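What follows is a set of notes on a single structure, which appears directly below.
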Amino acid sequence: MEVEEVKHEGTFLVWRDLCHDVVDWGLKVGFLFDHLKQAARSFFRYKLRPVGSDNYCREVHQLEKSILELRSELARLEEQLDKAQEGLRNQFGNVFCPDIMACILESSWTPQSQATHGLY
C-alpha cells in the first residue's frame, strides 16, 4: 500500500465513488467510509484555516507541550516533597508544624558556634 498526499478535494470524491462501488459488490467497508470521512474533515479543516494561523497553532502546540513537561516535573517534585516530609515525620514524629519548620530552615550556625536565625 502506498501513502500519497491529497492535493485537492477531487481525490476524496474518487475514493467515495470507489467505496460506493465496493458496497454495491456486497462488501462491508464501513470502516473505510469512517476513515475517508475523518481524512476529508482534516483536509477541509486545513484548507479552511484562517490565514496566518500557522504561527499561532505552532505556538499553542509548543506551549501545550511545555505545560505537559512542567506538570510532569511538578508531580515529580511534589513526590520528592512528600517523601521528605514523611521522612521528617518518621524521624521526629508530628512535633514540627510548618511554621516551626520555616524557622528551623532559616536558622544556621556561624563558625564561632553561635546560632543565628532569620526570624521575621
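Taking a Cβ cut-off of under 11 Å around Ser66, the surrounding Lys, Arg, Asp and Glu residues balance to a net charge of -2, with basic ones at +1 and acidic ones at -1.
Once the C-beta distance of Leu68 and Phe44 is scaled by a Förster radius of 25 Å, the resulting FRET efficiency is 0.30 to the nearest 0.05.
Quick note: the coordinates plus some simple rules give every number you see, no bench work behind them. From a predicted model like this one, the values you see are computed outputs, not experimental measurements. Every residue, glycine as well, gets a Cβ built from its backbone with ideal geometry; the counts of neighbours run over all protein chains shown.
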